[in-house]
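Just so it is clear, none of the values below were taken in a lab; they were calculated from the coordinates. Since the model is a prediction, treat every value here as computed from it, not as a measurement. Every residue, glycine as well, gets a Cβ built from its backbone with ideal geometry; the counts of neighbours run over all protein chains shown.
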Amino acid sequence: MRKPVVLSIALLLLVVLMACVFIPSQDWNPSDVLENVVTKVPDIVSPNVPPVFVNAEDLANVDQVLTTLYERVNPGVVTIIATTRQGEGSGSGFVYDYEGHILTNYHVVKDAETIEVDFASGKKIYGDVIATDVDSDIAVIHVDMPAAELVPLSLGDSDQLKVGQMVVAIGNPYRLTSTMTLGVVSAKGRILDSLRTTEDFTSYTAGDLIQTDAAINPGNSGGPLLNLAGQVVGINRAIRTSGTTLEGGAVNTGIGYAVSINIVKRVVPVLISKGSYDYPLMGISSSSNELTLSMWKKISHTVTSGVYVVSVTPGGPADRAGLVGGSQATDVQGFYSGGDIITAVDGLPVNIYGDLISYIFKNKSPGDVIVLTIIRNDREMEVPLTLGSR
């Protein structure tokens with residue numbers, strides 16, 4: 001009874017050995033394998049996805065790129081110490097221009113009675129808040145300093161950012177001044193609650209935020225998020241946290257948010273010249289999270305993506321345009337079917353609420369007309385909507 005078993009094992013070993021035989025070509029060189037192991041991606045990964053080639057020389061130069069970036073940019077990054085009746089808090093900021101304008105977050109300077117601006121050079125000076133934007137959480141501070149002592153940072157183009165692109169944050173977490181951290185762009189077009197609320201204390205939406213895993217902690221707020229060219233692509237605003245430290249500070253979970261610089265470039269010149277900025281208003285509410293397939297099946301038989309109109313503000317722009325919110329109870333508590341589904345704006349597809357908000361904030365103003373493509377009762381139609389003002 002043991003011979004068949006032994007014979008079966010011997011045959012199995014023979015098959016394995018034959019499968020592992022490697023016959024090199026006559027001009028084969030072992031060093032070729034070492035040179036190509038990083039840069040070649042096997043074709044079996046996917047026939048439809050091109051291989052990613054890594055330039056080893058570029059990787060070797062990354063440390064030089066980062067140190068040069070820091071040396072060039074850090075002189076334009078500042079620490080902001082805001083004193084309120086409740087005590088003292090700190091954040092970050094950066095020099096916007098030679099006129100002495102400093103950008104930071106609104107929440108860094110909210111209710112401040114005095115504002116101290118500390119430069120990397122050691123220079124310290126008091127500043128004044130001249131304008132704020134509570135929707136995107138931006139504040140403009142002015143300091144009276146000679147232009148020769150100011151180092152304005154270059155502004156990039158956040159629309160050109162790609163997920164996976166390396167970015168750095170420079171700021172002052174926990175008063176650790178001039179701290180630099182490295183990460184990537186994790187996602188684009190994210191949304192958060194605005195610091196502005198409606199009359200019934202419902203938060204408006206802040207849009208076109210960049211998600212990054214570059215370490216951002218308390219004190220980084222208001223500081224720059226930069227690409228490797230040293231251009232500001234965002235203003236660090238918030239982190240998502242699941243708890244607090246022993247000292248009561250927020251715990252970094254690898255999810256940080258920055259206001260896109262293209263929003264900043266649109267808003268800040270108006271803040272400086274007029275003191276305020278009016279954001280366009282649609283007058284709808286939607287889910288900040290993507291709906292599950294089971295929820296989509298409750299509202300449509302034809303689509304599984306888009307912006308579902310949960311509700312419409314009575315008398316608002318969307319209401320006047322004839323948009324419809326959900327009103328029919330479902331077996332999911334608090335979720336109502338029967339609302340319109342927005343699938344495009346001005347001909348551009350939108351898959352989630354963040355897509356719609358980003359487009360409107362970056363391209364439209366109160367009074368502008370947008371054309372929404374919607375699905376209602378599984379029928380497609382176009383609806384013009386005149387944007388209002390917050």
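Given the Cα atoms of the stretch 76-149, and with Rh set as the inverse mean 1/r over their pairs in the Kirkwood sense, what is Rg to Rh to two decimals? Show your work: numbers first, answer last.
On the way: Rg = 11.4 Å, Rh = 12.1 Å.
Rounded to two decimals, Rg over Rh is 0.94.
Here the scattering of the stretch 280-389 is modelled by Debye summation over its C-alpha atoms, one equal scatterer each and no solvent; at q = 0.12, 0.14, 0.16 Å⁻¹ the log10 of I(q)/I(0) is -0.36, -0.50, -0.65.
Residue pairs exceeding 22 angstrom between C-alpha atoms, taken from Lys110/Lys274; Lys162/Lys274; Lys298/Lys364; Lys274/Lys362: Lys162/Lys274; Lys298/Lys364. Please compute the net charge surrounding Glu116, taking Lys and Arg as +1 and Asp and Glu as -1 over other residues with Cβ under 14 Å from its Cβ. Value of the local net charge: -2. Calculated FRET efficiency, Thr83 to Lys162, Cβ-Cβ distance, R0 = 56 Å: about 0.85 to the nearest 0.05. In loop segments of the stretch 106-178 as defined by DSSP, the GluC sites (Glu not before Pro) with at most 14 further C-beta atoms inside 10 Å of their C-beta are Glu113.
Between Lys297 and Ser389, the contour length at 0.36 nm per residue exceeds the Cα-Cα span by 29.7 nm. The slack in the chain from Ser154 to Val371, taken as 0.36 nm per residue of separation less the alpha-carbon distance, amounts to 74.6 nm.
Give me the dipole magnitude in Debye, nearest 20, for the stretch 280-389 about the Cα centre, with unit charges on the beta carbon: positive for Lys and Arg, negative for Asp and Glu.
Working: 7 positive and 10 negative charges, 18 e Å.
Taking the Cα centre of the stretch 280-389 as origin, the dipole is about 80 debye.
For the stretch 185-225, the spherically averaged projection of the C-alpha convex hull amounts to 3.5 nm². Of the peptides 117-123, 93-99, the order by per-residue mean of other Cβ atoms within 10 Å, starting with the highest, comes out as 93-99, 117-123.
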